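Here's the structure we're looking at; comments come further down.
Bear in mind these aren't lab numbers, they're just calculated from the coordinates by the rules spelled out. This one's a predicted model, so the numbers in the text were calculated from it and none came from an experiment. FYI the Cβ positions are ideal-geometry reconstructions off the backbone, even for glycines, and counts take in every protein chain you see.
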Amino acid sequence: MRKGWMGNLMLLLALAGAAGFLWWDNERQQAEQKSDEKLRALSTLNKTEIDTIQLTGANGIETTLTRQDNRWRITKPQPLITDSSAASNLLDPLDRSYERLVTKNPEHPADFGLATPQYVLTFHAKKGRRTTFQVGGQSPARKQRYLRLGTDGPVVLISQETIVPWMKSIADLRNKSLAPGVREEQLSHIELKRATTPLILSRDKDQPWHLKQPLQDLADAPRLVAWIQTLATTKGSGFVKAIPPSQPDWTLLLEGDNDQQWQIPIWRNKGQILAQRGDEPDALILAGYIASDLDKPATELVRLRPLAGEGRPDALGITRNGQTKRAKRLKESWPEPIWSAVEEVLTRNAWQGLEVDQANDTAPLFTILATVGEKEQRFPLWKDKENLLIAPPNRPVRLRLTALQTQSLEEAVKEMFGEKEKPKKPQEVNHKDGNDS
């Protein structure tokens with residue numbers, strides 16, 4: 001018994017010793033790996049201290065990026081609107097490691113595709129420190145590239161995936177948005193000149209947007225914001241040498257609260273839509289679908305809620321054929337459910353806006369009366385094919401209700417005036433012999 005117990009103890013100690021050795025050996029290997037990776041690090045520069053990047057392609061064209069106000073900007077060959085994310089990504093490979101040393105002193109750089117490197121990058125940091133990399137050809141392994149450290153340093157192998165951010169042209173580093181950095185909240189005036197009627201919107205500080213041309217009306221904030229963001233952030237596919245015509249198809253003028261201004265001519269050219277941003281030397285190529293946003297009718301931006309403000313009516317009424325039915329809201333509810341259908345028509349968005357054609361006005365089918373506070377407003381309604389049109393007071397538009405809004409309101413009005421459809425009686429069955437059986 002004692003002998004068996006001692007054997008188990010010795011076995012347990014042996015297992016513990018083996019586990020301890022394996023843990024120690026794993027820690028040692030990890031430490032050696034980290035030490036080896038540190039020795040193979042591409043750079044010891046602090047990325048936050050780098051303020052200039054020079055990138056030269058095989059064509060010999062040099063692009064210089066400078067960090068200004070914590071944002072990267074292309075400054076050479078000339079100032080260009082820069083994609084900050086793509087520029088920042090140039091720093092990512094610096095804290096990575098190469099895979100292995102090929103040769104410390106290559107006698108024939110051409111053997112490694114380095115006689116004319118694909119890319120040469122130089123990173124400049126504070127106190128005059130800098131580091132240079134030359135990207136050569138692919139290795140036989142195909143997923144690796146030759147990289148020369150410095151202008152005359154060793155050649156190493158590095159994963160091609162690691163240096164993808166370095167393999168960029170100047171076009172890859174440019175921002176391709178139509179109006180980079182523009183946000184709706186910083187704007188106070190929008191003007192879109194075009195072949196059709198110009199579209200003009202403006203607002204005072206912290207006030208809602210108003211349409212000024214071609215009609216004067218309240219703008220629908222969510223749809224307006226979406227429209228502005230679509231225009232500003234739409235991405236071009238590239239750049240082409242082109243000069244805008246004296247009368248472009250569209251001119252987009254955006255003005256900000258702090259005297260900021262963006263004026264962008266946009267025109268059609270040989271099946272493409274082009275835009276010129278500021279003093280850039282070329283034109284941005286835009287997708288064809290942008291034309292529908294540039295030609296958007298003003299009625300698609302009007303406010304679709306018939307009742308002004310954001311509140312609820314305190315009292316409602318319906319006038320039809322000289323008769324009027326009324327109801328007052330009791331706290332949060334109405335005395336009868338049918339009045340909820342009337343309120344929803346006034347406080348929910350209609351389907352679409354339409355310009356008023358006064359010449360073809362006819363008498364309304366009925367009129368909704370809405371009291372907010374002590375002021376009563378009148379909302380005449382007409383039938384247009386399958387849908388009802390409602391005319392918000394003191395606005396130059398009519399709003400087409402949705403099919404569901406139309407159905408609910410018509411049923412509510414019929415019930416108010418005692419005209420709810422009665423169920424049809426089943427038809428009598430006629431038997432050939434005239435007898436019931």
Q: Counting only C-alpha contacts under 8 Å and six or more residues apart, can you give the relative contact order of the chain as a whole percent?
A: 9 percent
Q. So what is the 222 nm mean residue ellipticity for the chain from helices alone, if each DSSP H run of at least 4 adds -39500 (n - 2.57) and you divide by all residues, rounding to the nearest 500 deg cm²/dmol?
A. -6500 deg cm²/dmol
(Q) For residue 328, give me every one of the aspartates and glutamates with a C-alpha distance below 16 angstrom, ignoring sequence neighbours fewer than eight places off in its own chain. (A) 314, 336, 343, 344, 374, 376
Q. Cβ under 12 Å from residue 149's Cβ, residue 149 left aside: what net charge do those residues give with Lys, Arg +1 and Asp, Glu -1?
A. +2
Q. How big is the Rg/Rh ratio for segment 254-365, C-alpha atoms only, Rh by Kirkwood, two decimals?
A. 1.21
(Q) Quick check: pseudo-label points 7 Å beyond the Cα along Cα→Cβ at residue 319 and residue 84, how many nm apart are they? (A) 5.7 nm
Q) Calculated FRET efficiency, residue 207 and residue 414, Cβ-Cβ r, R0 30 Å, to nearest 0.05? A) 0.15
Q: Give the shape of segment 54-103 as rounded, prolate or oblate, defined through the alpha-carbon gyration tensor: a ≥ b ≥ c are the square roots of its eigenvalues, a/c under 1.5 means rounded, and otherwise the shape is prolate if a/b is larger than b/c and oblate if not.
A: oblate
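Does segment 184-300 come out rounded, prolate or oblate by the C-alpha gyration tensor, with a ≥ b ≥ c the root eigenvalues, rounded set by a/c under 1.5 and, if not, prolate when a/b is larger than b/c and oblate if not?
Working: a/c = 1.97, a/b = 1.63, b/c = 1.20.
Because a/c hits 1.5 or more and a/b exceeds b/c, segment 184-300 counts as prolate.
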(Q) Tell me the label only: which of (i) 68, 39, 22; (ii) 35, 29, 21; (iii) 42, 26, 19 is semi-axes √(5λ) of the Cα gyration tensor in Å as calculated from this structure? (A) (i)
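Exceeding 23 Å between C-alpha atoms, which entries from my cross-link table qualify? They are 193/296; 331/383; 47/168; 205/331. Spell out each step's value before the answer.
Numbers: 193/296 12 Å; 331/383 32 Å; 47/168 19 Å; 205/331 34 Å.
Beyond 23 Å between Cα atoms: 331/383; 205/331.
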Q. Within straight cross-link reach of residue 76, meaning Cα distance under 13 Å, which aspartates and glutamates are found once same-chain residues fewer than 8 apart are removed?
A. 62, 280
Q | Cβ-based net charge around residue 106, under 14 Å, with every Lys or Arg adding one and every Asp or Glu removing one | A | -1
Q. Once label points are set 7 Å from the Cα along Cα→Cβ at both residue 196 and residue 383, what is their separation, rounded to one decimal in nm?
A. 3.0 nm
